[in-house]
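What follows is a set of notes on a single structure, which appears directly below.
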Amino acid sequence: QVQLVETGGGLVQAGGSLTLSCAASGRSFSVYNMGWFRQAPGMERQFVASISWSAGSTQYVDSVKGRFTISKDNAKNTLYLQMNSLKPEDTAVYYCAAGMVNYDYWGQGTQVTVSS
């Protein structure tokens, strides 16, 4: 079992940067694969990025490749999403998720708004 809390959302202008954090509590953070998802108004929740439990593998949706970086700090039980060169279309509620096979645990989300 793990509980996830996202922080770091806010308002940023296009081209700017923002870093999201996801603090985890409960079972040892290091055993989980972790991911970031986002949901814009009227749209389905979309995969953004993931990192394997060993941190040996990462993946990104094509639209954020080269701009976003997912990372984690096991000592702090925290997952991060560094977002650079933000675009208005990145505006969404961002969620972190965790799981060993599937994403079983989800945070409540943090709003990211990118102005044009």
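Structure notes:
- Simple spin-label estimate for Ser28 and Asn74 in nanometres, 7 Å along Cα-Cβ: 0.8 nm
- Relative contact order for the chain, counting Cα pairs under 8 Å that sit 6 or more residues apart, in percent: 37 percent
- Within the straight-line cut-off of under 19 Å between alpha carbons, the aspartates and glutamates reachable from Lys72 are Glu6, Asp104, sequence neighbours fewer than 8 places apart in one chain being disregarded.
- Loop sites in region 25-116: trypsin sites (Lys or Arg not before Pro), DSSP, at most 16 other Cβ within 10 Å: Arg27, Arg45, Lys65, Arg67
- Percent carbon-and-sulfur accessible area, region 17-116, ignoring ligands, DNA and RNA, probe 1.4 Å: 48 percent
- Prolate/oblate/rounded call for region 5-56, Cα gyration tensor, a/c under 1.5 rounded: prolate
- The chain - accessible surface per residue (Å², probe 1.4 Å): 51 Å²
- Here the extension length gained between Leu11 and Arg67 equals 18.4 nm, from 0.36 nm per residue of separation less the Cα-Cα distance.
The values are calculated or read from the model by the stated rules, or taken from the named source; none is laboratory data. Predicted, not measured: the structure shown is a model, and the values here were computed from it. So basically every Cβ, Gly included, is an ideal-geometry build from the backbone, and we count neighbours across all protein chains shown. Note: accessible area is taken over every heavy atom of the protein model, side chains too, but ligands, DNA and RNA are not part of it. Shrake-Rupley method; radii C 1.70, N 1.55, O 1.52, S 1.80 Å.
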